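The values are calculated or read from the model by the stated rules, or taken from the named source; none is laboratory data. Everything quoted here is computed from the prediction, not taken from an experiment. Quick reminder, even Gly has a Cβ in these numbers, built from the backbone with ideal geometry, and neighbours come from all protein chains shown. Surface accessibility is based on the protein's heavy atoms, side chains included, excluding ligands, DNA and RNA. Shrake-Rupley method; radii C 1.70, N 1.55, O 1.52, S 1.80 Å.
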Amino acid sequence: VEIYSLHVDCKVTSRFAHTVITSKIVNRANESREATFEVELPKTAFITNFSMSIDGKVYPGIIKEKASAQKEYDTAVSRGQSAGLVKITGRKLEQFHVSVSIAAASKVTFELTYEELLKRQLGKFELLIKVRPQQLVKHFQIDVHIFEPQGIRFLETDSTFMTNELTEALTKVQNETKAHILFKPTVDQQKINPELDETLLNGDFVVRYDVKRGATAGDIQIVNGYFAHYFAPHEMPVFPKNVVFVIDRSGSMAGRKIEQTRDALLKILQDLRPEDHFSFITFNSKVAEWKSSLLQASAENVASAAGFVQTLSASGGTDINRALLTAVSVLDKAERLPERSVSMIILLTDGQPTSGESNVEVIQENIQKAVNGKYALFCLGFGFDVSYKFLEKMALSNGGIARRIYENADAALQLQGFYQEVATPILTKIEMQYPENAIEGLTNNNFKLFFEGSEIIVSGKISNELDLLPVEIKAQSHASDLTLKEEANVKEKEQVFQNQSYIFGNFIERLWAYLTIQQLLEKSISAQEEDQQTLEAQALELSLRYSFVTPLTSMVVTKPTGQQQTELANKPTEAG
């Protein structure tokens with residue numbers, strides 16, 4: 001079974017990425033064989049389309065509501081057979097895998113399409129393409145087109161498998177607003193060495209870039225009556241932070257995990273600014289405070305903290321409830337903190353609550369009551385024994401986010417990377433305001449915190465014949481209260497995209513749908529049960545209307561007669 005062609009075509013327009021992977025396979029044997037299509041895609045993406053065509057007959061994947069798809073599938077297949085075509089394979093990726101039996105000398109073409117909104121982190125957007133054909137491919141290419149009307153500030157490609165030979169197969173063409181990256185290695189260039197038929201192509205192919213930013217109130221783009229507003233201020237004074245690190249030192253953290261935690265904390269201590277205040281709380285079945293109050297991050301205090309971190313060892317149970325309540329009271333009692341500052345709690349744990357209060361609902365309630373909107377809570381779950389759902393709900397209910405730390409060699413780097421993302425708050429209480437009667441379906445437009453290097457995107461539908469779209473941004477910076485104003489000329493903005501041949505026409509509408517679904521799903525995590533149903537119903541309606549495989553929908557893939565007839569592609573979530 002030979003893959004004779006593998007194309008990855010990716011178009012990125014104003015951060016919205018549309019990727020099509022096409023694999024053509026021929027069975028050169030003289031009997032029927034399994035042809036397999038296996039692709040890894042970013043977890044943040046939604047699959048929007050899949051089809052196989054076998055000897056000219058097309059078998060499309062059909063997106064349905066998850067429950068009804070499951071019912072159909074259960075009747076078609078005796079229960080207990082492995083069903084999922086998609087599974088999580090790592091920190092950033094999930095894998096789509098389907099195989100089909102094809103007759104001797106037959107050909108099959110697999111085509112998978114997925115879309116995602118690229119998220120700015122630490123000052124750049126990252127487009128990740130996983131390459132793993134597992135054999136030499138006669139026609140192999142990755143073709144990336146980027147169009148950013150704001151202008152491309154910098155662009156780099158990076159790969160885990162590049163050699164000098166392969167670099168010759170890579171071309172980059174770039175002007176003010178567009179970039180084209182083509183990677184097209186010949187069969188000889190793909191070989192590990194000339195004698196063997198083994199491929200070098202195995203790993204990540206990454207494009208990173210950022211855009212130019214002129215206007216202070218961000219940049220507005222409009223297509224077919226939908227707008228997207230991109231806001232990423234820079235070069236602003238940083239808020240001092242008050243951070244309480246809450247570190248799990250229960251028995252399961254022993255060994256490698258506590259070592260990696262120590263390494264990460266030592267690096268993070270070096271990154272604290274002198275005007276920051278900080279403290280440590282460690283816990284197993286007992287909760288211990290390093291100092292009874294927050295300390296300023298002076299060289300002396302940081303050195304003393306480093307000494308403490310080096311003594312961290314692990315044993316005993318897990319009292320998450322008391323540890324977090326203690327952290328909240330440390331912030332509540334703190335005196336002489338900078339007047340304009342941002343307070344946060346960073347929890348790192350690798351297990352379920354086993355000591356003290358162990359009912360997760362009660363813990364969530366206790367913490368939400370205690371935090372009461374005053375502080376942001378970030379929850380880092382180390383490994384797979386944590387209840388990620390519990391951590392995610394707790395973080396989202398308290399103005400923060402949750403992240404899983406994978407138990408790999410680079411766990412310390414993952415922890416540090418997370419800290420860097422939240423290390424530089426530059427705005428708080430951000431309100432993005434638009435004319436009330438003129439916008440429908442506005443995505444989230446209030447944000448508690450904005451961190452240097454990230455980006456806020458708000459999208460909506462412009463109703464009625466609006467000629468000018470005025471926007472106003474209110475926020476607090478470390479220095480003052482800000483009001484930024486901007487006005488977009490709807491006709492002029494629409495013009496920007498008119499003659500761009502390679503843009504899929506309604507991309508801002510799809511961006512709006514993608515963002516709305518993501519936000520509805522996120523809201524439903526921390527919502528009360530009855531609200532949860534409403535939010536999920538809205539997200540389901542949009543997932544079906546725009547054909548996205550989300551946690552609420554499934555794609556039903558039907559195969560030729562005589563083979564296991566239907567299979568389901570579901571969207572896995574970090575909470576499982």
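The set of residues from the range 284-311 being at pLDDT below 95 and within 32 Å of the chain's Cα centre (by Cα) is empty. Within the range 88-122, the set of residues being over 13 Å from the mean Cα position of the chain (by Cα) and either charged (D, E, K, R) or within 14 Å of Glu38 (Cβ to Cβ) (or both) comprises Thr89, Gln95, Phe96, His97, Val98, Ser99, Val100, Lys107, Val108, Phe110, Glu111, Leu112. Cβ-Cβ distances below 6 Å connect the following pairs, each with a first residue in the range 410-435 that is over 25 Å from Gly90 (Cα atoms), a second residue that is of a type in the set (Val, Ile, Thr), and a separation of six or more residues or different chains: Thr424/Val238; Pro425/Val342; Ile426/Val238; Met432/Val458; Met432/Ile473; Tyr434/Val471. Scanning the range 365-398 for residues that are over 21 Å from the mean Cα position of the chain (by Cα) and part of a strand (DSSP E or B) yields a total of 0. Restricting Ser250, Ser298, Ser279 to those that are open to solvent by 20 Å² or more (accessible area, probe 1.4 Å) and either small (Gly, Ala, Ser) or in contact with a helix residue (DSSP H, G or I) (Cβ under 6 Å, 6 or more places away or on another chain) (or both) reduces the list to Ser298.
Residues are listed down the side, and each one gets a yes or a no for (1) farther than 28 Å from Thr428 by Cα; (2) among the basic types (Lys, Arg):
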| site | (1), (2) |
| --- | --- |
| Asp319 | yes, no |
| Arg340 | no, yes |
| Val362 | yes, no |
| Gln368 | no, no |
| Lys374 | no, yes |
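Within the range 487-509, can one find any residue that is open to solvent by 50 Å² or more (accessible area, probe 1.4 Å), at pLDDT 95 or above and not assigned by the TED database to the domain that holds Ile401? No.
So, Glu94, is that one open to solvent by 10 Å² or more (accessible area, probe 1.4 Å) and not hydroxyl-bearing (Ser, Thr, Tyr) or not? Full working, then the answer.
Numbers: open to solvent by 10 Å² or more (accessible area, probe 1.4 Å): no; not hydroxyl-bearing (Ser, Thr, Tyr): yes.
Here the answer is no, as Glu94 does not meet what is asked.
For the criterion of being at pLDDT 95 or above and either open to solvent by less than 10 Å² (accessible area, probe 1.4 Å) or in a loop (DSSP other than H, G, I, E, B) (or both), Leu155 fails.
Number of residues in the range 158-186 that are within 26 Å of Lys43 (Cα to Cα), surrounded by 14 or more Cβ atoms within 10 Å (Cβ to Cβ) and polar (S, T, N, Q) equals 1.
Val243 meets all of the listed conditions (1) open to solvent by 20 Å² or more (accessible area, probe 1.4 Å); (2) aliphatic (A, V, I, L, M); (3) within 23 Å of Ser454 (Cβ to Cβ) but one, namely (1).
As for the range 317-340, it holds no residue that is polar (S, T, N, Q), under 18 Å from Ile525 (Cβ atoms) and in a loop (DSSP other than H, G, I, E, B).
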